[in-house]
Amino acid sequence: MCDDLNMSGPPVDLSFKNISHVTGALPEVPRIGLRPLNTNTKNKYLSRSLRLSNNSITDLIGLQCILGHFLAQPSKLGWLDLSYNKITCIDPVLCELHELRVLYLHGNSIWKLSEVNKLGKLEYLHTITLHGNAIEDNKGYRNHVISVLPQLKKMDFSSVTCQERVLANVRRHYTNPGKNTKKSLQ
């Protein structure tokens, strides 16, 4: 049986495990959900989703190790839930997740709005949550995030509107005038 089959299985759920460091997940057994997790012949989970929410994680050192430990195809990770942890900055390791489409970071301790800029490299990222972080209190928070992540369809569980996209394009045009193309102004 090919490992590529059924890669859209349920998330590998390591939430509520009292993990303080990402590598602390290594000895853990994923929580059992409504749908069973399938594995390949090497006992790696056939999933593109990982849930590490509701722990005490402060940084993402060792994330690639965890992905390789649990997932049959770690480079294909498309959905990552890091909500309700103690993360203070966006670790560059997230930018190595080139297939990432959904990223939940709500309920953390991210306080610097410019941290979001790091995620601009994730061309497939269409859904992000950041509410419940200190950055939410910044004036223009939502507009800034949509500006640096123009491909977003949803932010903080709310659809990105056409008007927000236009405002973000204007902001991007005036913030980085040398980096704009015709496409970004449309």
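The values are calculated or read from the model by the stated rules, or taken from the named source; none is laboratory data. Because the structure is predicted, anything quoted here is derived from the model rather than measured. All Cβ positions, even for glycine, are placed from backbone atoms using ideal geometry, and neighbour counts span all protein chains on display. The area values use the complete protein model at the heavy-atom level, side chains included, leaving out ligands, DNA and RNA. Shrake-Rupley method; radii C 1.70, N 1.55, O 1.52, S 1.80 Å.
A few notes on this one:
- If the segment from Leu167 to Ile61 were pulled out straight at 0.36 nm per residue, it would be longer than the present Cα-Cα gap by 34.6 nm.
- Here the chain is treated with +1 on each Lys and Arg Cβ and -1 on each Asp and Glu Cβ, and its dipole about the Cα centre works out to around 540 debye.
- In terms of the mean number of neighbouring beta-carbon atoms within 10 Å, the peptides 153-159, 74-80 order highest first as 74-80, 153-159.
- Bridge type composition, the chain - antiparallel percent by DSSP, nearest 5: 20 percent
- Prolate/oblate/rounded label for the stretch 97-172 (Cα gyration tensor, a/c 1.5): rounded
- Only protein heavy atoms count here; on that basis, with a 1.4 Å probe, Cys162 has an accessible area of about 110 Å².
- Among the listed pairs Lys76/Lys112; Lys76/Lys153; Lys76/Lys121; Lys17/Lys118, a Cα-Cα separation exceeding 18 Å is found for Lys76/Lys112; Lys76/Lys153; Lys17/Lys118.
- Carbon and sulfur %, accessible surface of the stretch 27-73 computed with the full protein complex present, 1.4 Å: 53 percent
- Working note: 222 nm ellipticity from helices only, DSSP H runs with n ≥ 4, each -39,500 (n - 2.57), summed and divided by the residues of the chain, gives -5000 deg cm²/dmol to the nearest 500.
- Potential extension, Lys42-Phe157 segment - 0.36 nm per residue separation minus Cα distance: 37.8 nm
- Efficiency of FRET from Cβ geometry, Lys76 and Arg35, R₀ 25 Å, rounded to 0.05: 0.85
- Per residue, the solvent-accessible area of the chain (1.4 Å probe, heavy atoms of protein chains only, all protein chains present) comes to 54 Å².
- Projected label distance in nm at His131 and Glu28, using a 7 Å step from Cα toward the beta-carbon: 2.5 nm
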